[in-house]
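Here the structure comes first, spelled out in structure tokens, and everything after it is commentary.
Throughout, read-outs are computed from the coordinates displayed, never taken from laboratory work. Nothing here was measured: the structure is a model prediction, and the numbers come from that model. In this analysis, Cβ positions are derived from the backbone assuming ideal geometry, glycine residues included, and neighbour counts consider all displayed protein chains.
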Amino acid sequence: MDAIILQILNGLDKGSAYALIALGLTLIFGTLGVVNFAHGALFMIGAFCAVTLSRLIGLSHKVEVEGETDFLGNPLTKDVPYIYDWFGEATGAAIVDWAVPLAILFAIPVMILVGVVMERGLIKHFYKRPHADQILVTFGLAIVLQEVIKYFYGANPIPTPAPSAFTGSFDFGVLIGFDANTIIYPYWRLVYFAFAAVIIGAVFAFLQFTTFGMVVRAGMADRETVGLLGINIDKRFTIMFGIAAAVAGLAGVMYVPINPPNYHMGMDFLVLSFVVVVVGGMGSLPGAVLAGFLLGILESFASMREVIDLIPGINQIIIYLVAIIILLTRPRGLMGRKGVMED
Amino acid sequence: MLGLDKKDAVLLVIVAVLTMFAPFILNPFPEGSAMAQFNAGYPDLMQRFVIFGIFAIGFNILFGLTGYLSFGHAAFLGVGSYAAVWMFKLLSMNVIPAIVLAVIMSGLFALLIGYISLRRSGIYFSILTLAFAQMMFALAYSVLTPITGGETGLQLALDDPRILGQSQTPEGNIPVPGLFGFEMRDSAELVIGSWVFTFNLGYYFCGVILLLAFYLAIRIFRSPFGMMLRAIKSNQQRLNYTGINPKPYTLAAFVISGMYAGLAGALMASMDPLAGAERMFWTASGEVVLMTILGGVGTLIGPVLGAGAIKYMENIISKINSDILHSWFAFLPDGLEDFVVTIVYPFIGKGWHLTLGIIFMLVVIFLPGGLVEGGQRISSWLRNRRARRDDRRSKTEPAE
Amino acid sequence: MGILEVKNVGKRFGGLQALSEVNLSVAENSVHAIIGPNGAGKSTLLNCLVGKLIPDTGSVMFDGQSVLGRSPFEINQMGISRVFQTPEIFGDLTVMENMMIPIFASRDGSFRMHAVESVVSESEVVDYAEQMLEDMNMADKRHMHAAAMSRGDKRRLEIGMCLSQKPRLLLLDEPTAGMARADTNNTIDLLKQIKEDRDITIAIIEHDMHVVFSLAERITVLAQGTPLVEDAPENIKGNPKVREAYLGESA
């Protein structure tokens, strides 16, 4: 029992990332009808927003430490972040510590800008082209984006820690009546899950309760009719692209403490997210979220020793296997609508 | 000639000449000169040109003719490599049985995967092929280690049986792949002045196979079967209502292109007898997509050009470093020189992927027919210009 | 006993009863028109005949054999050819290739690999395709990409492709929809010519009464998914039920 709960928890953080990326992917597909292979790159750019901000905050200058010298007799210097000078040492240290969560504020405008530029500059010209062309051009864009990041940040993963308040683990087992240390779970993963839940909730609320969201949903259902009503749907779709980019970016920002980011993390997640979208049903938002968590949890169950002993290698292939079975038995995915990409 | 019309025969002859004289054509710069690093006429790279050319020709039979975009074709290349290495381990170092088994095995895998994946079309087909290839990669990397060698890859060993050959050479080494007594690594060098040309048996073996593969592709393109495949890409609905079942045609195309991939994999193993799971990773499948699009999808010569262009960039552009750049732009004033080098630097050396990505995007956006379309546009532009010039001349010099 | 016998066919989409109790008999070598207001179920009926849809109830017999449960390509092989509302041709292929594909299909069946013989060496197919293009008055366009032709030419090509298979039943789905008057008249003349030259049964779904009354020997009026009357054209014109069905639509 405890092992099962632990696996569900373990599946949540990966599932959250899948769900967030897949949500944006399916949103873009549903609104713009574009298959965006560069969406994983947006996740990666988000992660590097966190890296960038933590570097910016950490920018420091050298200060001589009074009364101390190094072994050569020169005055000893230490690095003092500028932020200490501006906010005082205590506040400054807190800001440095909280760089990753703070990067959310930094990433939102950056990601929306990246998304809008991408849509206006490139994707817009591919609405009328075949899906294969869209896949190819966004695949090219993904290569370009990851190479640009590689040029500036190098090829190695860059560890960027979570705030120290969240570095420990949380003994979940005690809370629900198990022995201590049976179900322990890192705090930050819990934060990540909660964060994902908030973002997903926000996106759904936005689409459900605002006029803007209503128009977009109407446009997803029937683009032409909405266009005939004299509503400028293109402009709204551009904004939706920005929002989808922001969602992917934020997923990346918060993922940084879980896995140090590198330039190809986007591609790694993209392939899986595509599988998630297809399993959930192309263009279905609830489907993407459901499939994201489902596959994340399935993956972590498949990594249990008992399961691997039973079916060797299952942890490596479970997601693909599920995708193949779903595609062959339920071509529209778990919650897909009729007539999406069936030509 | 050979059942081809004149245009196709000319194309085949051109490819044959290019392949046979590649050691000269790709080595235009004398040894030791500053430009020598742009020479691509060494056996290793030339082999890669033709092997990936074969891979891309096969991929194009599927994607170029039927429009089905497979994102998992590298899996068949991997199967071919493993099969060939196993033949080297068990039977003999002769490459012929290795190639035969590789083509059969990859064909069987393609039949199975194609039969399942082709039940869906469009993006769903792409995802299915991707999922199958990733599964094969993951399994080859982990559980199937006894068959695939896992992370280290499948290698030859001194105690392999090789029932028709020898386990080890009299000197106690692992024997090398060969063809009836000739070794694939045999090379002859020709020195003319300061030029050095290398003729490698392995390269010529691959080159001949490329020609056969290319010839077969032409025949397929021009056959009723090829016409049906193009009809599938154009309008499946009409085809269905014309009494033709598109499925067996697409499956046949899928299997043929899988066998081409297996052939390429076997040749890779024949040049260097080892096989690793990374050959099946999805980026390797992405690479053949890039090659085909870059060269010109649906054209005969395009995939070969695309494969050559990408492998050239991978091996030549990637070697340029900032010192070389500085030496090129040394004629510029110092400040300007540094500036130009700074601008150019991100695109060369390790950054060659960036250049590739940009070129690829530009091709998809502006030149959907790839390099072939580019060539056609340039030649028609030149022809128009000449025609205009002739026009003008005939006007200014009226006949008497 | 007609060449095409539709008995008690019904088809439901969710809450919508698209077809109910449809009975239809198309006599061999006749031109039979199926007319009706929008939403009467004409296209649904047609799709049930060619294997795109499977009716919930009833039977569809062609020449004594059931077509139900067969795929479109199998039904085509039985001798039914379909012309679509918007011309469905192979836009990326040349006109000549468009004409050769149906000829190959009727000669070789649904699948046969000729993977290495050149198309050009199939002289009987080439000659026949040339002949068909001559008949259709499009021999001069043989090297054109089919997509580059005018709509009227595409329609002509599509009909030619169907005829090259020597079908016993030709189904036409609003063949003149969206055409200018001149093109419409050309199509009428073409169909008349075809009827004169060949032993062929034509079933035509049409909106345009001018086309219907120029061609049809027998008319079935469909309204709300069920046949209202079936009669000769001269009797249909004055039939009060038909008037009501059409006027009811416009009112």
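The table below gives the values:
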| item | result |
| --- | --- |
| Counted charge near A:I184, where neighbours are those whose Cβ lies closer than 12 Å (Asp, Glu -1; Lys, Arg +1) | -2 |
| Per residue Cα convex hull volume in Å³ - calculated over the protein assembly as shown | 291 Å³ |
| In range of the label at C:S150: residues from segment C:65-91 whose backbone nitrogen is under 15 Å from the point 7 Å along Cα→Cβ | none |
| Shape metrics for segment B:280-355, restricted to C-alpha atoms - Rg then Dmax, Å | 16.0, 48 |
| Loop-resident sites, segment C:141-235, for GluC sites (Glu not before Pro), counting at most 16 other Cβ within 10 Å (DSSP) | C:E217 |
| Per residue Cα convex hull volume in Å³ - calculated over segment B:38-91 | 111 Å³ |
| Stretch in chain B that is longest and holds no trypsin sites (Lys or Arg not before Pro) that DSSP places in a loop and that have at most 16 other beta carbons within 10 Å | B:186-400 |
| Ranked packing of A:88-97, A:282-291, most packed first, by mean Cβ within 10 Å | A:282-291, A:88-97 |
| Residue of C:G178, C:G14, C:G225 that the Gaussian network model of chain C assigns the largest fluctuation, springs spanning Cα pairs under 10 Å | C:G14 |
| Amide hydrogen neighbours beyond the local backbone of C:R218, cut-off 5 Å, H modeled | C:V31, C:A33 |
| Leading residue at positive end of dipole, the protein assembly as shown (Cβ point charges), from A:G287, B:A269, A:F126 | A:F126 |
| Partners for A:K235 among aspartates and glutamates (Cα-Cα distance below 20 Å; same-chain residues under 8 apart left out) | A:E119, A:D222, A:E224 |
| Neighbour count of at most 11 Cβ within 10 Å plus DSSP loop: longest trypsin sites (Lys or Arg not before Pro)-free window in chain A | A:129-337 |
| Where N is the number of residues in segment B:6-280, Cα Rg divided by 2.2 N^0.38 Å | 1.10 |
| Cβ neighbours within 10 Å from other chains - mean over C:115-123 | 6 |
| Average other protein chain Cβ within 10 Å of Cβ, residues B:344-353 | 2 |
| 5 angstrom amide H check on B:V196, placed H, neighbours 5+ away | B:E31 |
| Shape call, chain A: gyration tensor on alpha carbons, a/c limit 1.5 | oblate |
| Square roots of five times the Cα gyration tensor eigenvalues for segment B:222-340, Å | 43, 21, 11 |
| FRET efficiency, 1/(1 + (r/R0)^6) with R0 56 Å, evaluated for B:D338 and B:L164 via beta carbons | 0.35 |
| J(HN,Hα) series, segment B:239-249, from Karplus relation 6.51 cos²θ - 1.76 cosθ + 1.60, nearest Hz, glycine and proline x | 4, 4, 7, 9, x, 10, 8, x, 4, x, 5 |
| Most mobile of A:G201, A:G11, A:G281 in a GNM of chain A (Cα contacts under 10 Å) | A:G201 |
| Gain upon complete extension [B:Q155, B:K6; 0.36 nm per residue less C-alpha separation] | 49.1 nm |
| For chain C: relative contact order, % (alpha-carbon pairs under 8 angstrom, 6 or more apart) | 28 percent |
| Residue-by-residue Karplus 3J(HN,Hα) for segment B:159-165, coefficients 6.51, -1.76, 1.60, Hz, glycine and proline x | 9, 5, x, 6, 4, 9, x |
| Shielding by other protein chains, C:103-111, mean Cβ within 10 Å | 5 |
| Dipole in debye (nearest 20) - chain C, about Cα centre, beta carbon charges: Lys, Arg +1; Asp, Glu -1 | 700 debye |
| Cα-centre dipole for the protein assembly as shown with unit charges at Cβ (Lys and Arg positive, Asp and Glu negative), debye to 20 | 1960 debye |
| Calculated SAXS-style log₁₀ I(q)/I(0) at q = 0.09, 0.12 Å⁻¹ - chain C, Debye, Cα scatterers | -0.41, -0.72 |
| For segment C:180-190, 3J(HN,Hα) per residue [Karplus equation, 6.51 cos²θ - 1.76 cosθ + 1.60, θ = phi - 60°, Hz, x = Gly/Pro] | 6, 3, 5, 5, 4, 5, 4, 5, 4, 4, 4 |
| Cα-centred dipole magnitude for segment B:6-280, charges only on beta-carbon of K, R (+1) and D, E (-1), debye, nearest 20 | 1580 debye |
| Cα-based equivalent ellipsoid of segment B:5-48: semi-axis lengths in Å, sorted from largest, via gyration tensor | 27, 11, 6 |
| Gaussian network model of chain C, Cα within-10 Å springs - most flexible of C:N29, C:N137, C:N98 | C:N137 |
| Spin-label model distance (nm) - B:R393 vs B:F331, 7 Å beyond Cα toward Cβ | 3.2 nm |
